[in-house]
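Trainee: Just passing along the structure, written as structure tokens.
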Ligand SMILES: [Ca+2]
Ligand SMILES: [Ca+2]
Ligand SMILES: [Ca+2]
């Protein structure tokens, strides 16, 4: 069993302690991490859908997080219901409606960036039944209600690889676009709603409680210091002002440090430092980046994060991004299960205010092809696009969820079957060297505190990797003067290169995004 020891943290360098961090019980000294170390290509910790190593990591993560956070994708999170009351409904009527459907029900304090309320109910109550009862029996007070579900990044981790080629960017016909716009996206803020981002140096001191992966017990680590650095291919002295309004909805503070590496990789495809003789390139490499942490991982759990990824948290984060100036939002995440009105409303809200949203279509084609709740929303909103993944052969990536809501395709990579070395099939970007971060995958005797200041060029696959190509393309179009999200969606649809069966189809949508065509095709008859 997991020992739920409260994390006791020790102070270091008191003058440098961030007050936000103190509030939630972890202590972070800013600008105290080490200089980032870049080890170059690392081929044996790459992540691609469906590989044995990927499944091994998923099993370890699931076992370690063996509490309420490990909730089956199809099960509602217990103890809560999301409600939007009618504006005219008085507080007393609201409270009465809640108590009528749940004896212990109570309206929680309204969170920031929310146009809805969270109802705390008994953990034994059925949230779906209570949401349904609120809608059916209290329609005079309740406009809408839903249960909340667990979110996940839209990639699945890992297989050993041995070569490196960034085949994916030429597929977008980017070079002619960069000729026209040599500092692509430089006026545009792109919000990356993900596991956080390696965007600054910091040093965190904590006690990490003992835990088990279900087989062996890992010892507590007391008074350990965990270093963080900015990925030097994302933020360095040449572009130190590119980070805008970072926020962490998992920790309720303004330090969205990445403990997983997914968000850092996704941010790289959008805006990796380019034309610097180092590492990979990005699509819109001069954009400003807004790191927003909405996805939690093993280290968030072990360090005692107050929140984990839920419908209401994602809905709030979407609105936060637009409120703070993001004109493009990338959401390489999703879930299956019933729909979420608060998330759909949040996306409608930000698109209506002029922000374009790119969303991963989902990675579950081989697992029954369930509808991805987030991507499905895009089919009803001009200005939010669901992005399927293609492989290096311009074919359907084996995992990429298909359906009538798929709108466009971009490279997500796949483990090649024939014709390519494994690394040639995936998407390379800089993120952590996972040998230093995923120390819980070692044996207990080799286990130690993680380091988030060692970086490598890593190979990932997934619709998580496809979506940021479209986010980057949209940033270029917006900088070119197309400010309407609906017009950007229209331009990307009309100029996409058709794949698969002629015309729009459920695997590729309107086809492969083509940035050059979109720039030249605007206003042209086609
Ligand atoms: Ca570079
Ligand atoms: Ca759409
Ligand atoms: Ca087609």
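The values are calculated or read from the model by the stated rules, or taken from the named source; none is laboratory data. Worth saying up front: this structure is predicted, and the values here are computed from it rather than measured. Neighbour counts are summed over all protein chains in view; Cβ atoms, including those assigned to glycine, are modelled from backbone coordinates with ideal geometry.
Trainee: Kindly evaluate residue 462 against the criterion of being under 18 Å from residue 406 (Cβ atoms), more than 16 Å from ligand 2 (Cβ to nearest atom) and in contact (Cβ under 8 Å) with a residue 60 or more places away in the chain.
Mentor: Taking the combined requirement at face value, the residue satisfies it.
Trainee: From the residues in region 475-486 that are surrounded by fewer than 24 Cβ atoms within 10 Å (Cβ to Cβ) and either in contact (Cβ under 8 Å) with a residue 12 or more places away in the chain or under 15 Å from the mean Cα position of the chain (by Cα) (or both), which one is nearest to ligand 2 (Cβ to nearest atom)?
Mentor: So, considering only residues that are surrounded by fewer than 24 Cβ atoms within 10 Å (Cβ to Cβ) and either in contact (Cβ under 8 Å) with a residue 12 or more places away in the chain or under 15 Å from the mean Cα position of the chain (by Cα) (or both), the one nearest to ligand 2 (Cβ to nearest atom) is 486.
Trainee: Would you check if residue 472 is crowded, with 21+ Cβ neighbours inside 10 Å and either out of contact with any helix residue (DSSP H, G or I) (no Cβ under 9 Å at 6 or more places or on another chain) or free of Cβ contacts under 8 Å to residues at least 12 places away in the same chain (or both)?
Mentor: no
Trainee: Which condition number in (1) within 26 Å of the chain's Cα centre (by Cα); (2) on the phi > 0 side of the Ramachandran plot; (3) at pLDDT 90 or above is the one that residue 251 fails?
Mentor: (2)
Trainee: In region 496-517, which residue that is more than 15 Å from ligand 2 (Cβ to nearest atom) and in contact with a helix residue (DSSP H, G or I) (Cβ under 6 Å, 6 or more places away or on another chain) is nearest to residue 398 (Cα to Cα)?
Mentor: The qualifying residue nearest to residue 398 (Cα to Cα) is 514.
Trainee: Right, residue 279: at positive phi and buried (at least 21 other Cβ atoms within 10 Å of the Cβ) or not?
Mentor: So residue 279 passes the test.
Trainee: Can I ask one more? Just one of (1) under 19 Å from residue 304 (Cα atoms); (2) in contact with a strand residue (DSSP E or B) (Cβ under 9 Å, 6 or more places away or on another chain) trips up residue 265, so point out which.
Mentor: (1)
Trainee: Determine whether region 254-261 contains at least one residue that is on the phi > 0 side of the Ramachandran plot and touching a residue at least 24 places away in the same chain (Cβ under 8 Å).
Mentor: Among the residues of region 254-261, at least one is on the phi > 0 side of the Ramachandran plot and touching a residue at least 24 places away in the same chain (Cβ under 8 Å), which makes the answer yes.
Trainee: Let me ask something else. For region 258-284, which positions are farther than 15 Å from residue 193 by Cβ and more than 12 Å from ligand 1 (Cβ to nearest atom)?
Mentor: 259, 261, 283, 284
Trainee: Next up: Scanning for something surrounded by 20 or more Cβ atoms within 10 Å (Cβ to Cβ), modelled with pLDDT under 95, away from ligand 3 (no atom under 16 Å from the Cβ) and in a loop (DSSP other than H, G, I, E, B), does region 374-384 turn up at least one residue?
Mentor: no
Trainee: Right, next: Taking the stated definitions as given, is residue 452 modelled with pLDDT of 95 or more, buried (at least 24 other Cβ atoms within 10 Å of the Cβ) and more than 16 Å from ligand 3 (Cβ to nearest atom)?
Mentor: yes
Trainee: Might you check whether a residue that is away from ligand 1 (no atom under 14 Å from the Cβ) and under 19 Å from residue 466 (Cα atoms) occurs anywhere in region 295-313?
Mentor: Yes; the residues of region 295-313 include at least one that is away from ligand 1 (no atom under 14 Å from the Cβ) and under 19 Å from residue 466 (Cα atoms).
Trainee: Looking at region 178-199 only, could you name the residues that are crowded, with 19+ Cβ neighbours inside 10 Å, at pLDDT below 95 and within 23 Å of the chain's Cα centre (by Cα)?
Mentor: 184, 185
Trainee: If we scan region 89-108, do we find a residue that is under 24 Å from the mean Cα position of the chain (by Cα) and not in a loop (DSSP other than H, G, I, E, B)?
Mentor: no
Trainee: Residue 304: in the same structural domain as residue 407 (by TED's automatic domain parsing), surrounded by fewer than 23 Cβ atoms within 10 Å (Cβ to Cβ), within 16 Å of ligand 2 (Cβ to nearest atom) and in a loop (DSSP other than H, G, I, E, B), yes or no?
Mentor: no
Let's see how each residue does on (1) at pLDDT below 80; (2) surrounded by 20 or more Cβ atoms within 10 Å (Cβ to Cβ); (3) more than 22 Å from residue 289 (Cα to Cα):
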{"position": "127", "(1), (2), (3)": "no, yes, yes"}
{"position": "143", "(1), (2), (3)": "no, no, yes"}
{"position": "149", "(1), (2), (3)": "no, yes, yes"}
{"position": "154", "(1), (2), (3)": "yes, yes, no"}
{"position": "159", "(1), (2), (3)": "yes, yes, yes"}
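Trainee: Follow-up. I'd like the full set of residues that are over 25 Å from residue 262 (Cβ atoms) and part of a loop (DSSP other than H, G, I, E, B), limited to region 511-526.
Mentor: 511, 514, 522, 523, 524, 525, 526
Trainee: Of everything in region 114-125, what is surrounded by fewer than 19 Cβ atoms within 10 Å (Cβ to Cβ) and either in the same structural domain as residue 345 (by TED's automatic domain parsing) or part of a loop (DSSP other than H, G, I, E, B) (or both)? Give them in sequence order.
Mentor: Passing the criteria: 114, 115, 122, 123, 124, 125.
Trainee: Quick check on my filter: what residues within region 460-504 are more than 23 Å from residue 371 (Cα to Cα) and within 16 Å of ligand 1 (Cβ to nearest atom)?
Mentor: If the condition is that a residue be more than 23 Å from residue 371 (Cα to Cα) and within 16 Å of ligand 1 (Cβ to nearest atom), then 472 is the only one that fits.
Trainee: While we're looking at this one, here's another question. State whether one or more residues within region 468-486 are more than 16 Å from ligand 3 (Cβ to nearest atom) and farther than 21 Å from residue 354 by Cβ.
Mentor: yes
Trainee: Kindly evaluate residue 352 against the criterion of being at pLDDT 95 or above, surrounded by fewer than 18 Cβ atoms within 10 Å (Cβ to Cβ) and away from ligand 3 (no atom under 16 Å from the Cβ).
Mentor: yes
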